[in-house]
1. Among the residues of segment A:95-114, is there at least one that is of a type in the set (D, E, K, R), over 30 Å from B:HIS50 (Cβ atoms) and away from every other protein chain (no Cβ under 14 Å)?
2. Please verify whether segment A:13-24 includes one or more residues that are within 14 Å of A:SER94 (Cβ to Cβ), within 14 Å of another protein chain (Cβ to nearest Cβ) and modelled with pLDDT of 95 or more.
3. Can you report the number of residues in segment B:46-73 which are free of Cβ contacts under 8 Å to residues at least 12 places away in the same chain and more than 13 Å from every other protein chain (Cβ to nearest Cβ)?
4. Select from segment B:60-91 the residues that are closer than 12 Å to B:SER26 by Cα, among the small types (Gly, Ala, Ser) and part of a strand (DSSP E or B) and list them in ascending order.
5. Just need a number here: residues in segment B:102-112 that are assigned to a strand (DSSP E or B) and at the interface with chain A (Cβ under 8 Å from one of its Cβ atoms).
6. Considering every residue within segment B:38-53, establish whether at least one is touching a strand residue (DSSP E or B) at 6+ places or on another chain (Cβ under 6 Å), surrounded by 13 or more Cβ atoms within 10 Å (Cβ to Cβ) and within 19 Å of B:PRO7 (Cα to Cα).
7. In this structure, does A:ASP30 turn out to be more than 9 Å from chain B (Cβ to nearest Cβ) and under 24 Å from B:CYS23 (Cβ atoms)?
8. Limited to segment A:60-86, what total is found for residues that are within 14 Å of the chain's Cα centre (by Cα) and loosely packed, with under 14 Cβ neighbours inside 10 Å?
Amino acid sequence: DGGITQSPKYLFRKEGQNVTLSCEQNLNHDAMYWYRQDPGQGLRLIYYSQIVNDFQKGDIAEGYSVSREKKESFPLTVTSAQKNPTAFYLCASSILSGAPDTQYFGPGTRLTVL
Amino acid sequence: AQRVTQPEKLLSVFKGAPVELKCNYSYSGSPELFWYVQYSRQRLQLLLRHISRESIKGFTADLNKGETSFHLKKPFAQEEDSAMYYCALSRPMDTGRRALTFGSGTRLQVQP
């Protein structure tokens with residue numbers, strides 16, 4: 001383990017509030033990803049970033065925002081526009097050359113909206 | 001559209017029995033497929049990828065383009081194989097870059 005850290009492990013939010021999930025990696029990976037994991041649905045891609053200052057929407061980006069100001073960091077903000085934010089959120093990273101699709105995952109953050 | 005289907009939510013076998021975790025995909029191009037595994041209280045991690053044609057922890061997976069399948073197999077299950085297994089497909093995004101599409105996962109329970 002190690003290499004990718006996510007914080008906090010558990011997060012509680014009141015309806016109408018924005019909340020930011022942290023993801024940091026020290027693997028010198030160029031690409032970073034955010035997924036949402038719901039029971040019975042596997043992982044769904046929210047946003048991804050291949051280089052600093054560049055990011056792209058995934059399959060379920062509505063209600064989320066990201067930034068990539070540093071190579072090591074890819075924070076995810078869950079906004080009040082996200083209709084059903086309670087879920088388990090996973091961050092991942094990968095190198096772009098060699099085996100770009102070998103993704104390394106963080107431990108996850110469980111977000112609960114009260 | 002690209003899609004990965006894992007038809008079994010739960011697969012329960014006895015120790016020493018053969019295991020086959022099913023994965024079917026839908027993709028018009030040349031597929032790149034992976035199996036990821038998540039053991040209890042551990043992170044999701046890569047188990048194997050089809051281009052490597054490798055055997056990891058006794059598991060193998062063969063890409064069958066005719067049947068659009070990438071089933072994960074092990075001849076003799078061990079209790080430590082109990083975990084959640086995800087099949088994943090690498091696919092191009094609109095940006096030209098690639099991302100993974102995951103199946104819904106299969107929980108493997110190996111009973112003593």
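The values are calculated or read from the model by the stated rules, or taken from the named source; none is laboratory data. In this text the structure is predicted, and so the values were computed from the model without any measurement. Backbone-built Cβ (ideal geometry, glycine too); neighbour counts: all protein chains shown.
1. Taking segment A:95-114 as the starting set, the residues that turn out to be of a type in the set (D, E, K, R) are A:101, A:110.
Those left that are additionally over 30 Å from B:HIS50 (Cβ atoms): A:110.
So of that shortlist, the ones also away from every other protein chain (no Cβ under 14 Å) come out as none.
No; the residues of segment A:95-114 include none that is of a type in the set (D, E, K, R), over 30 Å from B:HIS50 (Cβ atoms) and away from every other protein chain (no Cβ under 14 Å).
2. First, the residues of segment A:13-24 that are within 14 Å of A:SER94 (Cβ to Cβ): A:23.
Among the residues that remain, those that are also within 14 Å of another protein chain (Cβ to nearest Cβ) are: A:23.
When the remaining residues are screened for being modelled with pLDDT of 95 or more, the result is A:23.
Among the residues of segment A:13-24, at least one is within 14 Å of A:SER94 (Cβ to Cβ), within 14 Å of another protein chain (Cβ to nearest Cβ) and modelled with pLDDT of 95 or more, which makes the answer yes.
3. The first filter runs over segment B:46-73 and keeps only residues free of Cβ contacts under 8 Å to residues at least 12 places away in the same chain, leaving B:52-56, B:64, B:66.
Cutting the leftovers down to more than 13 Å from every other protein chain (Cβ to nearest Cβ) gives us B:53, B:55, B:64, B:66.
Count: 4.
4. Across segment B:60-91, the qualifying residues are B:SER69, B:ALA88, B:SER90.
5. 1
6. yes
7. Working: more than 9 Å from chain B (Cβ to nearest Cβ): yes; under 24 Å from B:CYS23 (Cβ atoms): no.
So A:ASP30 fails the test.
8. The number of residues fulfilling the criteria is 1.
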